[in-house]
Amino acid sequence: MNTASQHAVQHAVQPVAEDTAQPVAVITGASRGLGLALARALAADGWQLVVTARDRAALAAAEAELAAVTKVTAPAGSVVDDDHRARLAEAAAALGGATLLVNNAGTLNGSDAGGEPLPRLADVPLPDLLEMFEVNVLAPIALTQVLLPQLRAHSGALLNISSDAAVEAYEGWGGYGASKAALDHASAVLAREEPQLHVWAVDPGTMRTRMYQEACPGEDISAEPLPEAVAPALLGLLRDRPASGRYRAADLLAVTDTDTDTATDAVATATATAAAAAATAQGDR
């Protein structure tokens, strides 16, 4: 990050507008898929939004839809760009300061050139691998850094979208899975360093999205759930505020499908599991 960009970031995160009754969420990768589904759900729940994506046309369409429900700002750009992250922080501050950051933007193979969707590690071009880590790991950490003053001020939450490829070895998913595993670990460390925040990494499971279709070209994925079916699991995190940790959307959705007492027990179990995992990681250090 160059010196000029550092000054721009510092300027962006210092002033936070007067608090508002409506919390503010910053969501990356919000022009489609899970990001847009979550933005819709949060808007319906009364949140103000700062949404971003690289596809200007798709983002403009999402902004028009969301603006009919809530106050929304939608700067288009790439999360790997220093100045763009500063703009996101400024937009959130203007709305009252971020209470929630959702790092959802990601790249499957780091290539915009239409190459092989999931190359083996022996074949993946190193520039594409670097791009995967820049988009899936470094950019979320960098955006978290510029928004931390706002999140701290609101005792807020950070939601990093992970993948089962972070914990399971799938042929062809090595680069993507490694980047998501790194994001999981960064989330766990941040949870220890920022105990006043809730820091969650969530595996949303397989969904009927463009990204998954690109990973499985020619396959019929119509039986997979839409992102709108997964968004309630993420809202449940915000509602129930379990301990920082890694969660599976399938487990969280199972909680929402039970009665209140059982749901409370399930959340407690999930929380205990996350805490035990964190303790084990600390002991293994």
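The values are calculated or read from the model by the stated rules, or taken from the named source; none is laboratory data. Just so it is clear, the structure is predicted and the values come from calculations on it, not from any experiment. Here Cβ is always computed from backbone atoms with ideal geometry, including for glycine, and neighbour counts include all displayed protein chains. For the accessible areas, the whole protein counts, side chains as well, though only heavy atoms, and no ligand, DNA or RNA atoms are used. Shrake-Rupley method; radii C 1.70, N 1.55, O 1.52, S 1.80 Å.
Results, tabulated for the structure shown:
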{"item": "Members of region 164-190 that are in contact with a strand residue (DSSP E or B) (Cβ under 7 Å, 6 or more places away or on another chain) and open to solvent by less than 10 Å² (accessible area, probe 1.4 Å)", "result": "183, 187"}
{"item": "Subset of region 81-131 [buried (at least 23 other Cβ atoms within 10 Å of the Cβ) and modelled with pLDDT under 95]", "result": "106, 109, 110"}
{"item": "Residues located in region 201-222, provided they are touching a residue at least 12 places away in the same chain (Cβ under 8 Å), open to solvent by 50 Å² or more (accessible area, probe 1.4 Å) and more than 11 Å from residue 163 (Cβ to Cβ)", "result": "208, 210, 214, 217, 222"}
{"item": "Inter-residue pairs, beta-carbon under 6 Å, first in contact (Cβ under 8 Å) with a residue 40 or more places away in the chain and in region 70-86, second open to solvent by less than 50 Å² (accessible area, probe 1.4 Å) and in a loop (DSSP other than H, G, I, E, B), 6+ apart", "result": "79/105"}
{"item": "Residue, surrounded by the fewest Cβ atoms within 10 Å (Cβ to Cβ), within region 48-80, restricted to residues that are among the hydroxyl-bearing types (Ser, Thr, Tyr) and more than 15 Å from the chain's Cα centre (by Cα)", "result": "70"}
{"item": "Residue tally, condition modelled with pLDDT of 95 or more, over 18 Å from residue 183 (Cβ atoms) and open to solvent by 30 Å² or more (accessible area, probe 1.4 Å), over region 241-257", "result": "2"}
